[in-house]
Amino acid sequence: MLYLAQKYGRFTPKSAEYWRAVNWLMRQVVDMACWPRVSRPEWQGIDLTTVPNVRDWYLHLADRPAVQRSRQAPKFVSAIPMP
């Protein structure tokens, strides 16, 4: 995404907007990389009540419409467990 934005001159590396976009993109990548591991805390032996920051992050992601839709693909398996 950033490559195309740079290619067409939308952002320049010196702009604050560019670095905000980089920061946003990296957070999205990290969220989606970590979500599969944390999305089933009982499988991992994790009690999310003992790690409040992770629990808050988990609840924030679980509320995202895209995350809820992903739980339906390719078929509904189970509801997102809430701590």
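The values are calculated or read from the model by the stated rules, or taken from the named source; none is laboratory data. A quick note: this is a predicted structure, and the numbers were derived from the prediction, not measured. A quick note on method: Cβ atoms are made from the backbone with ideal geometry, for glycine too, and the neighbour counts reach across all protein chains shown.
Whether a residue is polar (S, T, N, Q) and at pLDDT below 85 was assessed, and Gln6 passes this test.
Return yes or no: is Asp31 in contact with a helix residue (DSSP H, G or I) (Cβ under 8 Å, 6 or more places away or on another chain) and within 10 Å of Pro83 (Cβ to Cβ)? Against the criterion (in contact with a helix residue (DSSP H, G or I) (Cβ under 8 Å, 6 or more places away or on another chain) and within 10 Å of Pro83 (Cβ to Cβ)), Asp31 does not qualify. Close Cβ contacts (under 8 Å, 6 or more residues apart or on different chains) running from residues in the range 57-83 that are exposed (fewer than 11 other Cβ atoms within 10 Å of the Cβ) to residues that are modelled with pLDDT of 80 or more and assigned to a helix (DSSP H, G or I) comprise Met82/Leu59; Met82/Ala62. Sub-7 Å Cβ pairs linking a first residue in the range 16-37 that is more than 20 Å from His60 (Cα to Cα) to a second residue that is loosely packed, with under 13 Cβ neighbours inside 10 Å and at pLDDT below 85, at least 6 apart or interchain, are Tyr18/Thr12, ordered by first then second residue.
From Val22, Val30, grab the single residue that is modelled with pLDDT of 85 or more, surrounded by 10 or more Cβ atoms within 10 Å (Cβ to Cβ) and of a type in the set (Val, Ile, Thr).
Checking each option against the conditions leaves just Val30.
Among the residues making up the range 37-56, those that are under 16 Å from Arg27 (Cβ atoms), surrounded by 10 or more Cβ atoms within 10 Å (Cβ to Cβ) and not charged (D, E, K, R) are Val38, Val54. Kindly indicate the residue of the range 62-81 that is of a type outside the set (A, V, I, L, M, F, W, C) and not in a loop (DSSP other than H, G, I, E, B) and also modelled with the lowest pLDDT among those meeting that condition. Top of the filtered list is Ser70.
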